[in-house]
Amino acid sequence: MDVLNAIVVLANFVIVPATAYGAQLALGALGVTLIYGILRFSNFAHGDTMAFGAMVTILVTWALQAAGVSLGPLPTALLALPIGIAGTALLLIGTDRLVYRFYRQQKAKPVIYVIASLGVMFVMNGLVRFIIGVDDQRFADGERFIISARTFREMTGLSEGLAIRTSQGLTLVVALICVVALFWFLNRTRTGKSMRAFSDNEDLALLSGINPEKVVLVTWIIVAALATTAGVLYGLDKSFKPFTYFQLLLPIFASAIVGGLGNPLGAIAGGFLIAFSEITVTYAFRRFANHLLPEAWEPEGLLQLLSTDYKFAVSFAILLIVLLFKPTGLFKGKSV
Amino acid sequence: MTQINGKNLLFFGLVAALFIGTGVMQSWNTMLTILNMGLISAIMALGVNMQWGYAGLFNVGILGFTALGGLAAVLVSMPPVPESWAAGGPRILLALAAGAASIFATVMVYKKMPAGLLRVVIMLAVLIGGFMIYRAIFDPARDAIEAVDPALTGYLGGLGLPMLLAWPVGGLFAAGAAWLVGKTALGLRSDYLAIATLGIAEIILAVLKNEDWLARGVKNVTGLPRPWPVPYEVELQEAAWFLSLAERFGADPVTASSILVKLSYGMLFAIVLLVLIWMSEMALKSPWGRMMRAIRDNEVSSEAMGKDVTKRHLQIFILGSAICGIAGAMMTTLDGQLVPGTYNPLRFTFLIWVMVIVGGSGNNWGAVLGGFLIWWLWIMVEPIGLWLMQTITAGMAEDNGLRQHLIDSAAHMRLLTMGLFLLLMLRFNPRGLIPER
């Protein structure tokens, strides 16, 4: 019996990574849910938008690194992030002007937007592959750890170590800032309020003189900021590979739907729910159990519910359960 | 339903000219390779067109249904591995049965018990207990099977039946998966179905990649037997009648045998395609088809007429997915191997969508035309892109970094081009090349 070590093992392999991953998913899901609330369609290009934002940031980071600029212990990518956001915002606004605005004027059915977003996804994916290629790119620099496993062991005298990577701590801080800023914007500013009004009741909003084009423009800029931040944080934490970003689409959608599409608070809760279930279900609990159980009872197997390759199955299963029992999501979102 | 008019014939003529042009300019062998995959793509487009064009359902899990078809090809045609069956075959089946039984028991608990906390607790207990039992039987059986000569087999093998049988079985597999997805996601908003299909496709692929006992996972199953009338090149090259035939045409026996094999595949695929088109056209003309289009055009009024919209949607979703499954089995037959690593959603799901939108949604002939045209472009954009890049960069120095990068990136041009095709078509000609009448 060694409760403390068991908790540390759990924190090291489940809680810390899941919190970071959950924050990344939440940022992604916030983007999806905003587009859904304002423009009323599920944006399949969101994963590739994240990839594009991360790519611009990486290119700027490399330029900064080459120029010898650095943030000391923090990754240089933070400095490049605003430029990445600006680049992505330009791309998204351009896409809106060229693609989506036409369908808005036509009052097309939502599914037409979704198909258009497929086309956009193709183009963005092609652009990213064209510019940076399909390979893994590493762009993290600065300190690797806030606490490394060895320091933690020396500090506490426990046999298990707890490592917190800079990218994980950074993810949480940046995500928190983003979310606070977003909620402040939505609830306190005039533009934010008009966005919420537009999302709640489009006709009423138009009647009160809200300019829909401005609302859409602001939405795309915010989405660009959220997507780029999510993409860069994910890239810093894991690594940047265009195809993984496409695959993130499923957990992100699952987070947004589980929380209730169109509901920002739900997107955050959904992100953490999906991340924690994914990691808990695919984590091998053997070491955790070894600390808790008497030696004679030590388990033979890995105590892993599902192999990590099935992590998509977890988000999918949660998605199915929510769709079956509560199609509007855990927090009240829009349906139909 | 399609009128035979000048414009439509012209389109088909143009696509035929593209293929013949490829035959003359490059080689007939290349052209037949593209044509065979074009036939399969046309069948997939037909299936998607049923879902989208007839009923307005948005399916982005084509990849999964295709992969299930491929699995069917392996499970039906490969010879069984007796050692593996002896090692753990019955136990695996027992484990799967236990898993299915626990899910069934959970559903029964949900249906029979009154709602409340107690029901949730019992459901969870049944599910978790069932999962433990399943894993307890399954894990040792799987390890035993995968330990049998892992370099060659390490899986249960198939049934050793004729390959042609695998095609309808592939359809059945896909239909089963489609039922599961449709049952949950249909009747909700349209994009939920899209997301659910995206998910099931990822899961099917994960199963194919990781369940080695089933179809060897990423170790791939190779050397699938060919369907009945298709000969093997090696045998052809030894047959006297074939050698004399090749001599009469003045052709190299090796090339000629390869062409003959591809031709026989092409004939088989063409027969399937024609039968499917005929069936879909008949269905579209029938009262059932009219009902489908009525539902698509106005769900509310169809419901008022007493039509069960969700049930009809489920029906057509299963039918369309089954066609994708058949096409998937055919594709694995053509390749002669199942390689789960090559299943890429961009290539299998989204490209088929470009075919349907460009060809003409709601029109079977349009979907078929789109299938051929887009597949040809997909193959040809790469060499064309490479040529374009070389022309653009011709003025730069040989070792120029930008030039190298541009030439290397030419391969990614196809995604960009296909995306542009889709967007332009959707914007300027949303009804497609051959619109619905």
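The values are calculated or read from the model by the stated rules, or taken from the named source; none is laboratory data. Since this is a predicted model, take the numbers as computed values, not measurements. Please note: Cβ atoms are built from the backbone with ideal geometry, for glycine as well, and neighbour counts cover all protein chains shown. Side chains are part of the model used for accessible areas, which takes the heavy atoms of the whole protein and leaves out ligands, DNA and RNA. Shrake-Rupley method; radii C 1.70, N 1.55, O 1.52, S 1.80 Å.
Quick notes
- Distances between placed amide hydrogens fall under 5 Å for A:Phe145 paired with A:Thr166, all partners being 5 or more residues away or on another chain.
- The reciprocal of the average 1/r between distinct C-alpha atoms defines the Kirkwood hydrodynamic radius, which for the stretch A:137-196 equals 14.3 Å.
- On association of chains B and A, roughly 4500 Å² of accessible area becomes buried (total for both chains; probe 1.4 Å).
- Cα Rg, Dmax (largest Cα-Cα span) when computed across the stretch A:261-316, Å: 15.3, 52
- DSSP H segments from chain A that extend 20 Å or more along their own axis, Cα-based, with Kyte-Doolittle mean of -1.0 or above: A:16-39, A:46-67, A:77-95, A:110-132, A:166-188, A:212-237, A:264-282, A:311-325
- Between the C-alpha center of the stretch B:153-199 and that of the stretch B:401-421 there is a gap of 34 Å.
- Against the empirical curve 2.2 N^0.38 Å, the C-alpha radius of gyration of the stretch B:271-391 lands at a ratio of 1.33.
- Globularity index of the stretch B:134-223, i.e. its alpha-carbon radius of gyration over 2.2 N^0.38 Å: 1.34
- Scattering profile of the stretch A:44-83 at q = 0.18, 0.20, 0.23, 0.27 Å⁻¹ [log10 I(q)/I(0), Debye over alpha-carbon scatterers]: -0.49, -0.57, -0.68, -0.83
- Site pair B:Trp241 and B:Arg431 shows an inter-label distance of 5.1 nm when each label is modelled 7 Å from Cα along Cα→Cβ.
- Radius of gyration and Dmax over the Cα atoms of the protein assembly as shown, both given in Å: 27.6, 87
- Counting every alpha-carbon pair across chain A, the share separated by more than 33 Å comes to 30%.
- Scaled against 2.2 N^0.38 Å for its residue count N, the alpha carbon radius of gyration of chain B is 1.10.
- Simple Cβ-charge dipole of the protein assembly as shown, Lys/Arg +1 and Asp/Glu -1, about Cα centre, in debye nearest 20: 2680 debye
- Using the alpha carbons alone, the radius of gyration of the stretch A:105-257 stands to its Kirkwood radius in an Rg to Rh ratio of 1.08.
- P(r) tail fraction, the stretch B:92-133 - alpha-carbon pairs more than 17 Å apart, %: 29 percent
- Here the alpha carbons of the stretch A:59-188 define both size measures, Rg and Dmax, at 20.7, 67 Å.
- Fraction of the pair-distance distribution of the stretch B:213-271 above 12 Å, Cα-Cα pairs, percent: 71 percent
- For the stretch A:1-103: span of alpha carbons on each principal axis (Å, largest first): 65, 41, 15
- Cα-projected label distance for B:Leu10 with B:Trp179, points at 7 Å along beta-carbon direction, nm: 4.7 nm
- Pairs exceeding a 21 Å alpha-carbon distance, out of B:Lys183/B:Lys307; A:Lys107/A:Lys214; A:Lys193/A:Lys332: none at all.
- Between the stretch B:1-68 and the stretch A:32-89, the alpha-carbon center distance in angstrom: 38 Å
- Rounded to the nearest 20 debye, the dipole magnitude of the stretch B:280-356 is 140 debye, with +1 charges on Lys and Arg beta carbons, -1 on Asp and Glu beta carbons, and the Cα centre as origin.
- Here the gap between B:Thr255 and B:Ala283, fully extended at 0.36 nm per residue and compared with their Cα-Cα distance, gives a gain of 5.9 nm.
- Inter-part distance where the stretch B:247-298 and the stretch B:107-129 are each reduced to a Cα centre, Å: 49 Å
- Given charges at Cβ of Lys, Arg, Asp, Glu: the protein assembly as shown dipole, positive-most of A:Gly271, B:Leu118, B:Ala141: B:Leu118
- Between A:Val174, A:Leu98, B:Leu416, the Cα set farthest toward the positive side of the dipole of the protein assembly as shown (charges on each charged residue's Cβ, about the Cα centre) is that of A:Leu98.
- Per-residue SASA remark: B:Asp335, around 90 Å² accessible (1.4 Å probe; ligands, DNA and RNA not included).
- Residues of the protein assembly as shown: accessible area per residue with a 1.4 Å probe, Å²: 43 Å²
- Amide hydrogen neighbours beyond the local backbone of A:Leu71, cut-off 5 Å, H modeled: A:Thr76
- Pair-distance profile P(r), taking every C-alpha pair of the stretch B:190-311, with 10 angstrom steps and integer %: 10, 18, 21, 23, 17, 9, 3
- Dipole magnitude of the stretch A:151-282 about its Cα centre (Cβ charges: Lys, Arg +1; Asp, Glu -1), debye to nearest 20: 280 debye
- Checking the cross-link pairs A:Lys238/A:Lys311; A:Lys326/B:Lys112; B:Lys209/B:Lys262; A:Lys311/B:Lys112; B:Lys209/B:Lys311; A:Lys311/B:Lys219 against a 26 Å limit on the alpha carbon distance flags B:Lys209/B:Lys262; A:Lys311/B:Lys112; B:Lys209/B:Lys311 as lying beyond it.
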